[in-house]
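Data block below; observations after.
The values are calculated or read from the model by the stated rules, or taken from the named source; none is laboratory data. Only a predicted model underlies this, so the values are computations on that prediction, with no experimental measurement involved. Note: ideal-geometry Cβ built from the backbone for every residue, glycine included; neighbour counts use all protein chains shown.
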Amino acid sequence: MPFTRIELLEGLGVAGDAHCGLTVQHRWDKKKDPFRPNLRQVHLIQTEVFGLREPCVYIEKFHKGLLAQMRECRPGNTVIRKAGVMGVVITGGVVRIDDKIIVELPQGKHNALEPV
């Protein structure tokens, strides 16, 4: 059954989600540094790739060939990721299925996003 609402917890993430927590929850990163701050609390994702995340080997294990569809390798070892943006929860609250979400770009020069 699909969810009709989620609860955002300030500084933690989505209540009940595997990524919720003060420190990093991603398995690979947790092995490297379990005390690193969690910058992957919420995944903002376009509907075309709903349910996917930062492309990694687990996506390829889920469906062969999917990893190549979710990232582009360019000359000079530049990788373009096509699977949304991770963020942190600044203010908690409930988000419902029909709520409007507005993303505002910061002022000034924009830099390419890097994985967190």
Checklist entry - Any chance segment 26-33 includes a residue that's within 14 Å of VAL89 (Cα to Cα) and under 12 Å from the mean Cα position of the chain (by Cα)? => result no
Checklist entry - Can you name the condition, by its number, that VAL79 falls short on among (1) over 22 Å from THR4 (Cα atoms); (2) at pLDDT 80 or above? => result (2)
Next on the checklist: among the charged types (D, E, K, R), in a loop (DSSP other than H, G, I, E, B) and at pLDDT 80 or above: which single residue out of ASP29, ASP17 fits that description?
Outcome noted: ASP17
Checklist entry - Assuming PHE35 fulfils every condition listed in (1) part of a loop (DSSP other than H, G, I, E, B); (2) within 17 Å of VAL85 (Cβ to Cβ); (3) of a type in the set (A, V, I, L, M, F, W, C) apart from one, which condition is it? => result (2)
Next on the checklist: Test of understanding: among VAL103, VAL88, which residue is surrounded by 10 or more Cβ atoms within 10 Å (Cβ to Cβ) and assigned by TED's automatic domain parsing to the domain that holds GLN41?
Outcome noted: VAL88
Item to check | Scope segment 91-100; condition hydrophobic (A, V, I, L, M, F, W, C) and surrounded by 10 or more Cβ atoms within 10 Å (Cβ to Cβ); matching residues | outcome: VAL94, VAL95
